[in-house]
Amino acid sequence: MSHYNREPIIKIEGLHFYYNPQSERPVHALRGVDLEIYPGEYVAIVGHNGSGKSTLAKHINALLRPSAGDVWVKGMNTRNPAHRLAIRSTVGMVFQNPDNQLVATVVEQDVAFGPENLGVAEDELRARVEWALGVVDMLDYRHRPPHRLSAGQKQRVAIAGAIAMKPEVLVLDEATSMLDPEGRESVLAAVRRLNAEGTTIVAITHAMHEAAQAHRVVVMEAGRIVMEGPPRCIFARVAELRALQLDVPQVMELSYWLNQRDPTFPSDLLFVQELADEVERRVNSRGQL
Ligand SMILES: Nc1ncnc2c1ncn2[C@@H]1O[C@H](COP(=O)(O)OP(=O)(O)OP(=O)(O)O)[C@@H](O)[C@H]1O
Ligand SMILES: [Mg+2]
(Lines give C-alpha, C1' and ligand atoms only; values in the text may rest on other atoms or scores of the structure.)
(Ligands and ions follow the chains in the order given, each with its own letter.)
Protein backbone atom coordinates (compact mmCIF):
# COMPACT_ATOMS: atom_id res chain seq x y z
CA MET A 1 0.00 0.00 0.00
CA SER A 2 1.26 3.46 -0.89
CA HIS A 3 0.89 4.87 2.65
CA TYR A 4 3.72 2.56 3.76
CA ASN A 5 6.09 5.13 2.28
CA ARG A 6 4.81 7.78 4.67
CA GLU A 7 5.52 8.44 8.31
CA PRO A 8 3.35 6.38 10.64
CA ILE A 9 0.72 8.37 12.54
CA ILE A 10 0.98 5.88 15.42
CA LYS A 11 4.25 4.19 16.30
CA ILE A 12 4.46 1.64 19.09
CA GLU A 13 7.83 0.21 20.03
CA GLY A 14 8.72 -2.47 22.58
CA LEU A 15 5.58 -1.72 24.59
CA HIS A 16 5.13 -3.49 27.91
CA PHE A 17 2.42 -2.70 30.40
CA TYR A 18 1.74 -3.93 33.94
CA TYR A 19 -1.48 -3.30 35.83
CA ASN A 20 -0.83 -2.85 39.57
CA PRO A 21 2.97 -2.93 39.15
CA GLN A 22 3.60 -2.36 42.88
CA SER A 23 1.28 -5.10 44.07
CA GLU A 24 2.08 -8.71 44.88
CA ARG A 25 0.54 -9.87 41.66
CA PRO A 26 1.17 -7.40 38.82
CA VAL A 27 -0.66 -8.22 35.59
CA HIS A 28 1.71 -8.20 32.62
CA ALA A 29 -0.95 -7.18 30.08
CA LEU A 30 1.31 -6.13 27.17
CA ARG A 31 4.48 -8.10 26.56
CA GLY A 32 6.50 -6.38 23.87
CA VAL A 33 4.22 -4.87 21.23
CA ASP A 34 5.59 -3.25 18.07
CA LEU A 35 3.10 -1.71 15.69
CA GLU A 36 3.02 1.11 13.17
CA ILE A 37 -0.22 2.55 11.85
CA TYR A 38 -0.21 4.80 8.78
CA PRO A 39 -2.43 7.78 7.94
CA GLY A 40 -5.62 6.65 6.23
CA GLU A 41 -5.26 3.00 7.26
CA TYR A 42 -8.12 0.91 8.65
CA VAL A 43 -6.67 -1.56 11.12
CA ALA A 44 -8.73 -4.20 12.93
CA ILE A 45 -7.43 -5.69 16.18
CA VAL A 46 -8.74 -9.12 17.13
CA GLY A 47 -7.84 -11.61 19.84
CA HIS A 48 -9.74 -13.46 22.53
CA ASN A 49 -10.73 -12.08 25.93
CA GLY A 50 -7.87 -10.69 27.97
CA SER A 51 -5.32 -10.69 25.12
CA GLY A 52 -4.57 -6.99 25.69
CA LYS A 53 -6.58 -5.23 22.96
CA SER A 54 -8.19 -2.58 25.19
CA THR A 55 -4.93 -2.02 27.07
CA LEU A 56 -3.23 -1.36 23.74
CA ALA A 57 -6.03 0.98 22.63
CA LYS A 58 -5.73 3.01 25.83
CA HIS A 59 -2.04 3.56 25.12
CA ILE A 60 -2.86 5.10 21.75
CA ASN A 61 -4.56 8.11 23.32
CA ALA A 62 -2.43 8.30 26.44
CA LEU A 63 -5.09 7.00 28.83
CA LEU A 64 -2.34 4.61 29.93
CA ARG A 65 1.43 5.14 29.87
CA PRO A 66 3.94 2.40 29.01
CA SER A 67 5.69 0.44 31.77
CA ALA A 68 8.45 0.00 29.17
CA GLY A 69 8.80 0.97 25.52
CA ASP A 70 7.23 3.94 23.77
CA VAL A 71 4.12 5.09 21.95
CA TRP A 72 4.24 8.06 19.60
CA VAL A 73 1.23 9.82 18.12
CA LYS A 74 2.29 12.05 15.21
CA GLY A 75 5.76 12.02 16.70
CA MET A 76 4.53 13.01 20.18
CA ASN A 77 5.61 10.62 22.92
CA THR A 78 2.66 9.68 25.17
CA ARG A 79 5.00 9.76 28.19
CA ASN A 80 5.26 13.53 27.90
CA PRO A 81 2.37 15.14 29.87
CA ALA A 82 2.79 18.32 27.81
CA HIS A 83 1.52 16.40 24.76
CA ARG A 84 -1.51 14.90 26.42
CA LEU A 85 -4.09 17.40 25.15
CA ALA A 86 -2.68 17.36 21.60
CA ILE A 87 -2.72 13.55 21.64
CA ARG A 88 -6.31 13.40 22.92
CA SER A 89 -7.46 15.74 20.17
CA THR A 90 -5.60 13.67 17.55
CA VAL A 91 -7.01 10.33 18.71
CA GLY A 92 -10.75 9.95 19.36
CA MET A 93 -12.08 6.95 21.26
CA VAL A 94 -15.46 5.21 21.13
CA PHE A 95 -16.22 2.47 23.64
CA GLN A 96 -18.56 -0.49 23.89
CA ASN A 97 -21.50 0.92 25.79
CA PRO A 98 -23.19 3.91 24.12
CA ASP A 99 -25.14 4.73 27.31
CA ASN A 100 -21.93 5.58 29.17
CA GLN A 101 -20.75 7.97 26.48
CA LEU A 102 -23.70 10.32 26.08
CA VAL A 103 -23.76 13.28 28.44
CA ALA A 104 -26.33 15.83 27.26
CA THR A 105 -30.12 15.76 27.08
CA VAL A 106 -30.29 16.72 23.40
CA VAL A 107 -28.36 14.98 20.61
CA GLU A 108 -26.75 18.10 19.12
CA GLN A 109 -25.61 19.32 22.54
CA ASP A 110 -24.02 15.97 23.12
CA VAL A 111 -22.08 16.16 19.88
CA ALA A 112 -21.04 19.76 20.64
CA PHE A 113 -19.70 18.85 24.09
CA GLY A 114 -16.21 17.68 23.03
CA PRO A 115 -15.33 20.45 20.56
CA GLU A 116 -16.80 23.06 22.94
CA ASN A 117 -14.32 21.89 25.58
CA LEU A 118 -11.53 22.23 23.02
CA GLY A 119 -12.53 25.88 22.71
CA VAL A 120 -13.99 25.70 19.20
CA ALA A 121 -15.76 28.97 18.31
CA GLU A 122 -19.56 29.19 17.88
CA ASP A 123 -19.81 29.23 14.05
CA GLU A 124 -17.25 26.50 13.60
CA LEU A 125 -18.94 24.51 16.37
CA ARG A 126 -22.32 24.60 14.61
CA ALA A 127 -20.71 23.54 11.34
CA ARG A 128 -18.87 20.66 12.99
CA VAL A 129 -21.95 19.33 14.78
CA GLU A 130 -23.89 19.37 11.52
CA TRP A 131 -21.06 17.69 9.62
CA ALA A 132 -20.54 15.00 12.30
CA LEU A 133 -24.25 14.17 12.54
CA GLY A 134 -24.39 14.01 8.75
CA VAL A 135 -21.49 11.54 8.56
CA VAL A 136 -23.28 9.11 10.90
CA ASP A 137 -26.63 9.80 9.21
CA MET A 138 -28.26 11.23 12.37
CA LEU A 139 -29.04 14.83 11.33
CA ASP A 140 -32.77 14.22 11.53
CA TYR A 141 -32.38 13.35 15.23
CA ARG A 142 -30.42 16.45 16.26
CA HIS A 143 -33.15 17.83 18.55
CA ARG A 144 -34.08 14.50 20.12
CA PRO A 145 -33.12 13.31 23.60
CA PRO A 146 -30.43 10.59 23.25
CA HIS A 147 -32.07 8.26 25.75
CA ARG A 148 -34.99 7.75 23.35
CA LEU A 149 -32.76 6.44 20.57
CA SER A 150 -31.97 2.81 19.71
CA ALA A 151 -28.57 1.44 20.79
CA GLY A 152 -27.27 1.71 17.22
CA GLN A 153 -28.43 5.32 16.95
CA LYS A 154 -26.85 6.15 20.32
CA GLN A 155 -23.57 4.65 19.24
CA ARG A 156 -23.67 6.71 16.04
CA VAL A 157 -24.22 9.85 18.17
CA ALA A 158 -21.22 8.80 20.32
CA ILE A 159 -19.16 8.50 17.12
CA ALA A 160 -20.42 11.91 15.98
CA GLY A 161 -19.28 13.33 19.34
CA ALA A 162 -15.83 11.83 18.86
CA ILE A 163 -15.41 12.97 15.25
CA ALA A 164 -16.74 16.48 15.96
CA MET A 165 -13.34 17.01 17.58
CA LYS A 166 -11.86 16.24 14.12
CA PRO A 167 -9.51 13.51 15.32
CA GLU A 168 -7.12 12.14 12.70
CA VAL A 169 -7.40 8.71 14.29
CA LEU A 170 -10.58 7.08 15.57
CA VAL A 171 -10.20 4.11 17.92
CA LEU A 172 -13.32 1.96 18.33
CA ASP A 173 -13.15 -0.54 21.20
CA GLU A 174 -15.90 -3.07 20.46
CA ALA A 175 -18.13 -0.17 19.49
CA THR A 176 -20.61 -2.46 17.71
CA SER A 177 -20.74 -5.34 20.18
CA MET A 178 -23.88 -4.20 22.00
CA LEU A 179 -25.82 -3.47 18.82
CA ASP A 180 -28.28 -5.54 16.81
CA PRO A 181 -27.25 -6.50 13.25
CA GLU A 182 -28.94 -3.45 11.75
CA GLY A 183 -27.32 -1.11 14.28
CA ARG A 184 -23.95 -2.73 13.62
CA GLU A 185 -24.22 -2.29 9.89
CA SER A 186 -25.21 1.38 10.26
CA VAL A 187 -22.21 2.06 12.50
CA LEU A 188 -19.86 0.14 10.18
CA ALA A 189 -21.14 2.14 7.22
CA ALA A 190 -20.37 5.37 9.10
CA VAL A 191 -16.87 4.09 9.91
CA ARG A 192 -16.22 3.14 6.28
CA ARG A 193 -17.37 6.61 5.18
CA LEU A 194 -15.03 8.29 7.67
CA ASN A 195 -12.13 6.14 6.55
CA ALA A 196 -12.89 6.95 2.91
CA GLU A 197 -12.69 10.63 3.84
CA GLY A 198 -9.24 10.09 5.35
CA THR A 199 -9.72 9.27 9.03
CA THR A 200 -7.37 6.55 10.27
CA ILE A 201 -9.40 3.78 11.91
CA VAL A 202 -8.33 1.34 14.63
CA ALA A 203 -11.23 -1.03 15.32
CA ILE A 204 -11.16 -3.65 18.05
CA THR A 205 -13.73 -6.35 17.44
CA HIS A 206 -14.74 -9.92 18.16
CA ALA A 207 -16.76 -10.04 14.92
CA MET A 208 -14.53 -11.45 12.23
CA HIS A 209 -16.71 -10.30 9.34
CA GLU A 210 -16.19 -6.78 10.65
CA ALA A 211 -12.43 -7.24 10.81
CA ALA A 212 -12.65 -8.45 7.18
CA GLN A 213 -13.50 -4.93 6.02
CA ALA A 214 -10.21 -3.51 7.39
CA HIS A 215 -7.04 -3.02 5.32
CA ARG A 216 -5.03 -4.89 7.89
CA VAL A 217 -5.81 -7.30 10.71
CA VAL A 218 -3.68 -7.53 13.85
CA VAL A 219 -4.15 -10.65 15.98
CA MET A 220 -3.26 -10.46 19.67
CA GLU A 221 -2.64 -13.30 22.09
CA ALA A 222 -1.46 -13.02 25.71
CA GLY A 223 -0.18 -9.45 25.37
CA ARG A 224 1.61 -9.92 22.06
CA ILE A 225 0.90 -9.49 18.37
CA VAL A 226 1.00 -12.99 16.90
CA MET A 227 -0.28 -12.41 13.34
CA GLU A 228 -0.58 -9.33 11.17
CA GLY A 229 -1.55 -8.78 7.54
CA PRO A 230 -4.36 -8.17 5.04
CA PRO A 231 -7.63 -9.87 6.07
CA ARG A 232 -7.53 -12.31 3.16
CA CYS A 233 -4.08 -13.58 4.22
CA ILE A 234 -4.87 -13.68 7.93
CA PHE A 235 -8.23 -15.41 7.66
CA ALA A 236 -6.83 -18.00 5.25
CA ARG A 237 -4.78 -19.31 8.19
CA VAL A 238 -7.84 -21.12 9.51
CA ALA A 239 -6.05 -23.80 11.55
CA GLU A 240 -3.80 -21.28 13.34
CA LEU A 241 -6.76 -19.04 14.17
CA ARG A 242 -8.71 -21.99 15.54
CA ALA A 243 -5.71 -22.87 17.72
CA LEU A 244 -5.99 -19.32 19.12
CA GLN A 245 -9.70 -20.00 19.73
CA LEU A 246 -10.66 -17.42 17.15
CA ASP A 247 -13.35 -17.66 14.53
CA VAL A 248 -12.98 -17.13 10.85
CA PRO A 249 -15.58 -15.08 8.93
CA GLN A 250 -18.36 -17.49 7.92
CA VAL A 251 -17.85 -16.90 4.21
CA MET A 252 -14.16 -17.74 4.56
CA GLU A 253 -15.04 -20.85 6.54
CA LEU A 254 -17.36 -22.03 3.77
CA SER A 255 -14.77 -21.21 1.13
CA TYR A 256 -12.15 -23.18 3.11
CA TRP A 257 -14.54 -26.12 3.59
CA LEU A 258 -15.34 -26.26 -0.13
CA ASN A 259 -11.62 -26.11 -0.97
CA GLN A 260 -10.93 -29.08 1.31
CA ARG A 261 -13.41 -31.12 -0.74
CA ASP A 262 -12.49 -29.69 -4.13
CA PRO A 263 -9.04 -28.07 -4.36
CA THR A 264 -10.11 -26.15 -7.50
CA PHE A 265 -12.45 -24.10 -5.31
CA PRO A 266 -10.64 -21.00 -3.94
CA SER A 267 -9.98 -21.22 -0.19
CA ASP A 268 -9.73 -17.48 0.51
CA LEU A 269 -13.04 -15.86 -0.37
CA LEU A 270 -14.05 -13.30 2.26
CA PHE A 271 -17.26 -11.67 1.13
CA VAL A 272 -20.71 -13.05 0.30
CA GLN A 273 -20.63 -11.47 -3.16
CA GLU A 274 -17.29 -13.10 -4.02
CA LEU A 275 -18.59 -16.50 -3.03
CA ALA A 276 -21.82 -15.99 -4.94
CA ASP A 277 -19.86 -14.93 -8.06
CA GLU A 278 -17.58 -17.97 -7.84
CA VAL A 279 -20.50 -20.36 -7.45
CA GLU A 280 -22.32 -18.74 -10.36
CA ARG A 281 -19.22 -18.87 -12.57
CA ARG A 282 -18.70 -22.56 -11.85
CA VAL A 283 -22.33 -23.50 -12.35
CA ASN A 284 -22.41 -21.58 -15.65
CA SER A 285 -19.23 -23.14 -17.01
CA ARG A 286 -19.58 -26.71 -15.69
CA GLY A 287 -23.25 -27.08 -14.91
CA GLN A 288 -22.31 -27.91 -11.30
CA LEU A 289 -20.42 -26.53 -8.33
N1 LIG B 1 -7.87 -2.35 35.39
C2 LIG B 1 -7.23 -3.52 35.38
N3 LIG B 1 -6.58 -3.98 36.47
C4 LIG B 1 -5.92 -5.16 36.47
N5 LIG B 1 -5.86 -5.97 35.39
C6 LIG B 1 -6.49 -5.58 34.28
C7 LIG B 1 -7.22 -4.35 34.22
N8 LIG B 1 -7.76 -4.22 32.97
C9 LIG B 1 -7.38 -5.33 32.30
N10 LIG B 1 -6.62 -6.16 33.07
C11 LIG B 1 -6.01 -7.44 32.67
O12 LIG B 1 -5.10 -7.17 31.62
C13 LIG B 1 -5.17 -8.18 30.62
C14 LIG B 1 -5.54 -7.54 29.28
O15 LIG B 1 -6.85 -7.01 29.38
P16 LIG B 1 -7.57 -6.20 28.23
O17 LIG B 1 -8.80 -5.60 28.82
O18 LIG B 1 -6.59 -5.29 27.58
O19 LIG B 1 -7.93 -7.37 27.21
P20 LIG B 1 -8.92 -7.36 25.95
O21 LIG B 1 -8.18 -8.06 24.86
O22 LIG B 1 -9.41 -6.00 25.70
O23 LIG B 1 -10.10 -8.31 26.45
P24 LIG B 1 -11.68 -8.28 26.07
O25 LIG B 1 -11.81 -8.95 24.75
O26 LIG B 1 -12.31 -9.08 27.17
O27 LIG B 1 -12.14 -6.85 26.06
C28 LIG B 1 -6.17 -9.21 31.12
O29 LIG B 1 -5.46 -10.21 31.80
C30 LIG B 1 -7.01 -8.41 32.09
O31 LIG B 1 -7.55 -9.24 33.09
MG1 LIG C 1 -11.32 -5.13 25.70
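Close amide-amide hydrogen proximity is noted between LEU64 and HIS59, each under 5 Å apart and 5 or more residues distant or on a separate chain (H modeled in the peptide plane; Pro and chain starts excluded).
Helix 272-286 and the longest principal axis of the C-alpha atoms of the chain enclose an angle of approximately 20°. Looking at the chain, the DSSP beta bridges with both ends there are about 55 percent antiparallel.
Surface composition of the chain: carbon and sulfur atoms hold 49% of the protein heavy-atom accessible area at a 1.4 Å probe.
Farthest toward the positive end of the dipole of the chain, out of GLN22, ALA164, SER255, is the Cα of GLN22, where the dipole comes from beta carbon charges about the Cα centre. The lysines within cross-link reach of LYS74, meaning a Cα-to-Cα straight distance under 27 Å and a gap of 8 or more places when in the same chain, are LYS11, LYS53, LYS58, LYS166. GLY183 sits among other residues whose Cβ lies under 11 Å from its own Cβ, and their net charge, with Lys and Arg +1 and Asp and Glu -1, is 0. Just checking the listed ones, GLU116, GLU210, GLU168: in the Gaussian network model of the chain with Cα springs under 10 Å, the one fluctuating most is GLU116. Entry comment: accessible area of the stretch 69-148 is 55 Å² per residue, from protein heavy atoms only and a probe of 1.4 Å. The C-alpha atoms of the chain define a longest principal axis, and helix 250-261 lies at about 20 degrees to it. Between the helical axis of 122-135 and the longest alpha-carbon principal axis of the chain there is an angle of about 20 degrees.
Is the C-alpha gyration tensor of the stretch 2-247 telling us rounded, prolate or oblate? Criteria: a/c under 1.5 is rounded; beyond that, a/b larger than b/c is prolate, otherwise oblate. Note, shape of the stretch 2-247 comes out prolate. Where the alpha-carbon atoms of the stretch 176-284 are placed on the principal axes, they occupy 40, 34, 26 Å, in descending order.
In the chain, Cα pairs under 8 Å separated by at least six residues give a relative contact order of 20 percent. Quick one: putting +1 on the C-beta of Lys and Arg, -1 on the C-beta of Asp and Glu, what dipole do you get for the chain around its Cα centre, in Debye to the nearest 20? So the magnitude is around 480 debye. Think of the chain as having a plus end and a minus end, set by charges on the Cβ of Lys, Arg, Asp and Glu; of PRO81, PRO231, THR55, PRO81 sits farthest toward the positive end of this dipole.
The values are calculated or read from the model by the stated rules, or taken from the named source; none is laboratory data. If you're wondering where the values come from, they're calculated on a predicted model, not measured in any experiment. Positions of Cβ are backbone-derived with ideal geometry, glycine not excepted, and every protein chain shown enters the neighbour counts. To get the accessible areas, we keep the full protein, side chains included, count just its heavy atoms, and leave off ligands, DNA and RNA. Shrake-Rupley method; radii C 1.70, N 1.55, O 1.52, S 1.80 Å.
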